[in-house]
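Have a look at the structure below before the remarks.
The values are calculated or read from the model by the stated rules, or taken from the named source; none is laboratory data. A quick note: this is a predicted structure, and the numbers were derived from the prediction, not measured. Note that each Cβ is placed from the backbone with ideal geometry, even for glycine, and that neighbours are counted across all protein chains shown. Accessible surface is based on the protein model in full, side chains and every heavy atom, while ligands, DNA and RNA are left aside. Shrake-Rupley method; radii C 1.70, N 1.55, O 1.52, S 1.80 Å.
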Amino acid sequence: PCSALADARARSGAALVRRPMEGVCETAMQSPGVLGVMCVDSHGLCLASQGDVPQASGAIAEIAAQASSLVEDGALICITSPTRKVMVSRSEGVTTAIFMDPAPNL
């Protein structure tokens, strides 16, 4: 999902932010039940992603922004459906969404 933005990221200097975000994605992908990870900025620009993630970086940023009116940054937002669980958290201007199997076989 982020590949379409690669050129814009490189021109804007966001490529410097990309490397640490890729590490976050790689680490999270190693956890049981994780299907995909996406990191976005406050404007919904995808900074990094791995695995099975929807093209919804703007929605992820907006969910975090709306939640911040109820609780502070760093709170964990959990969205669950029968087929997928999504955990969203924002810290230091970066929102991370982790897409999971709702009932992983551990």
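The condition (being closer than 12 Å to D41 by Cα, surrounded by fewer than 16 Cβ atoms within 10 Å (Cβ to Cβ) and either modelled with pLDDT of 90 or more or under 13 Å from the mean Cα position of the chain (by Cα) (or both)) is satisfied by just one residue among E92, E62: E62. P82 satisfies every condition listed in (1) at pLDDT 90 or above; (2) surrounded by 12 or more Cβ atoms within 10 Å (Cβ to Cβ) except (2). Considering the conditions (1) out of contact with any helix residue (DSSP H, G or I) (no Cβ under 9 Å at 6 or more places or on another chain); (2) touching a residue at least 24 places away in the same chain (Cβ under 8 Å), S57 is excluded by exactly one of them, (1).
Residues in segment 20-44 that are under 15 Å from S91 (Cα atoms) and part of a loop (DSSP other than H, G, I, E, B): S42, H43, G44. The residue that is nearest to P32 (Cα to Cα), counting only those in segment 45-59 that are open to solvent by less than 50 Å² (accessible area, probe 1.4 Å) and part of a helix (DSSP H, G or I), is S57. There is at least one residue in segment 9-16 that is surrounded by fewer than 18 Cβ atoms within 10 Å (Cβ to Cβ) and either at pLDDT 80 or above or touching a helix residue (DSSP H, G or I) at 6+ places or on another chain (Cβ under 6 Å) (or both).
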